[in-house]
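To keep things clear, I will list the structure first and then write my remarks on it.
Nothing in this text is a laboratory measurement; each read-out follows from the coordinates by a stated rule. A quick note: this is a predicted structure, and the numbers were derived from the prediction, not measured. Quick reminder, even Gly has a Cβ in these numbers, built from the backbone with ideal geometry, and neighbours come from all protein chains shown.
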Amino acid sequence: MSEKLEELKRKRDQLNARIQQQEARMKAGQKKADDRVKVLVGAAILEQIKQGRMPLDQLLKIMGGFLERTAERQAVLGDDGHGSETLKRIVERA
């Protein structure tokens with residue numbers, strides 16, 4: 001009887017491991033999908049600014065209220081809060 005119980009416990013542990021693996025795959029897939037949407041939305045906003053349909057100041061105001069980390073604020077807002085050189089290059093009209 002003890003052997004049967006041990007076998008059931010082993011199967012349970014294997015099933016729990018498979019469940020955890022499947023949950024991890026699902027979360028990774030969801031994160032990938034989330035990241036893709038975020039990139040596409042960001043690209044759309046940047047394109048709106050580039051084409052003059054949205055003022056850069058509006059984005060800077062939004063990002064100023066959103067970004068908390070110093071490095072991220074620097075990357076987007078720059079030293080003076082008027083946009084980093086990289087941001088300005090990205091939204092520059094061709």
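Quick notes on this one:
- Farthest positive-ward along the chain dipole, Cα basis, beta-carbon charges - from Gly64, Gln22, Val41: Gln22
- Gaussian network model of the chain, Cα within-10 Å springs - most flexible of Gln22, Gln14, Gln48: Gln14
- Partner lysines for Lys61 [C-alpha distance under 25 Å; skip if fewer than 8 residues away on the same chain]: Lys38, Lys50, Lys88
- Neighbour cut-off at most 13 other Cβ (10 Å), DSSP loop, trypsin sites (Lys or Arg not before Pro), segment 5-94: Arg53, Arg69, Arg93
- Compactness of the chain as Cα Rg over 2.2 N^0.38 Å, two decimals: 1.94
- Extended-chain gain in nm, criterion 0.36 nm per residue less alpha-carbon gap, Gln48 and Glu92: 14.7 nm
- This model, with +1 at the C-beta of Lys and Arg and -1 at the C-beta of Asp and Glu, gives the chain a dipole about its Cα centre of some 460 debye.
- Residues Ile62, Ile90, Ile49, arranged from fewest to most other Cβ atoms within 10 angstrom of their Cβ, appear as Ile62, Ile90, Ile49.
- The label point for Ala24 and the one for Lys11, both projected 7 Å from the Cα toward the Cβ, are 2.5 nm apart.
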